[in-house]
1. Full-extension gain between residue 299 and residue 88, please, as 0.36 nm times their residue separation minus the C-alpha to C-alpha distance.
2. How far, in nm, would the chain grow between residue 62 and residue 379 when pulled straight, counting 0.36 nm per residue and subtracting the alpha carbon separation?
3. Determine the shape class of segment 225-355: with a ≥ b ≥ c the square roots of the Cα gyration tensor eigenvalues, call it rounded for a/c under 1.5, and otherwise prolate if a/b is greater than b/c, oblate otherwise.
4. Going out from 0 in 10 Å bins, what whole percent of all Cα-Cα distances in segment 189-423 drops into each bin?
5. Quote the FRET efficiency, to the nearest 0.05, computed for residue 75 versus residue 143 with a Förster distance R0 of 41 Å and r equal to the Cβ-Cβ distance.
6. How large are Rg and Dmax for segment 91-201 when only the alpha carbon atoms are used, in Å?
7. Under the definition of Cα pairs under 8 Å and six or more residues apart, what whole-number percent is the relative contact order of segment 241-318?
8. Kindly provide the Kirkwood hydrodynamic radius of segment 57-99 in Å, to one decimal, from all pairs of distinct alpha carbon atoms.
């Protein structure tokens, strides 16, 4: 006997609840009774996709601040000063290293992400996160939707102690609070946008053991409204950034800041490397460094960028850190951290020639650094002592100082910049293995 199995099963499983279903057509030669007319066909909804959260931070934890691939490179590699004969960054799993599996994408320019969690209670209304660093004095707030049970945090600063609290905006009820610490060697920043290859220039050590301050100067790839989500803009504002230096040329440079109200400078730089340092007898570079120094003096955290945050940005980064007496081999290593950003930033998608890889041995770090070491600057030639064993040896920082004086930066501004940008290093909080 033929049976209409679909309706028979539904009649057995689904209890009669509603009246008035449309009777389906039944073949005339099928003696099987029709299903009851009061049995609706109710589809079973697909299960909600599981929310995959970043690892949870609990009070008292110590967590890694940067991406672990970039951290391994910075922690383990030491480059000698003034030796650009080799690079090892391609031995690390970067944004593109020629060995990615099919369909694989990596985001090694993003800092580590974590979540703070609590018991959800929609009756408490909208919530607010308060996050603060004890060592730097930096703090931020972030509003959270009613009924939420977690918040994601990133862009953490290495080797500092944080306090956090999530509470109701309406009545102050505390959902969770506590403290945690961080460790690591660099501070990567990602603002929930397509602004890639971002990092804080702080944290690097000088020859005499001082440390560059965090939350003062940032480098990234392109900054523009078309690549910024509203959430990203809010994150940038919460970070405290107040100024933008656009190093791009006429084809893609902005004529106003990407975020309204920020100080803005765009000198029109064609290319990086020693060409950038020489352009118009150094005037383009003078405009860049003067803007950076003025922002530091005015306590306005500044971001600088070109299109990819690679060559023009890297050349200026050499001056920013070199003037502070950061170890020159480490400055070249900082240049190579761009390798951990995706293809299109670390290696431009249309550029496969080796000089377009972000290597200290090629373009643009090597020619820029060798130009500074040599002392033949746009407006004068300087005699430097190259004997490292001599008490009169001329260090990289003094050569950069001479270059900046040569192109028109004042000694007073150089001295003020150094005073404002250096601090004692924080304690290494790396957990014991």
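1. Details: separation 211, 0.36 × 211 = 75.96 nm, distance 3.67 nm.
Length gained, residue 299 through residue 88: 72.3 nm.
2. Numbers: separation 317, 0.36 × 317 = 114.12 nm, distance 5.07 nm.
Answer, rounded to one decimal: 109.0 nm.
3. Working: a/c = 1.36, a/b = 1.13, b/c = 1.20.
Rounded.
4. Pair shares across the bins are 8, 34, 39, 16, 3, 0.
5. Values: r = 36 Å, r/R0 = 0.87.
After rounding to 0.05, the efficiency reads 0.70.
6. According to the Cα coordinates of segment 91-201, Rg and Dmax are 16.9, 54 Å.
7. Values: 114 pairs, mean separation 30.7, N = 78.
This gives 39 percent for segment 241-318.
8. Values: mean 1/r = 0.0778 Å⁻¹.
After inverting the mean inverse Cα-Cα distance, the result is 12.8 Å.
A short reminder: the numbers here are calculations on the coordinates, not readings from a lab. Nothing here was measured: the structure is a model prediction, and the numbers come from that model. Note that we place each Cβ from the backbone using ideal geometry, even for glycine, and neighbour counts take in every protein chain shown.
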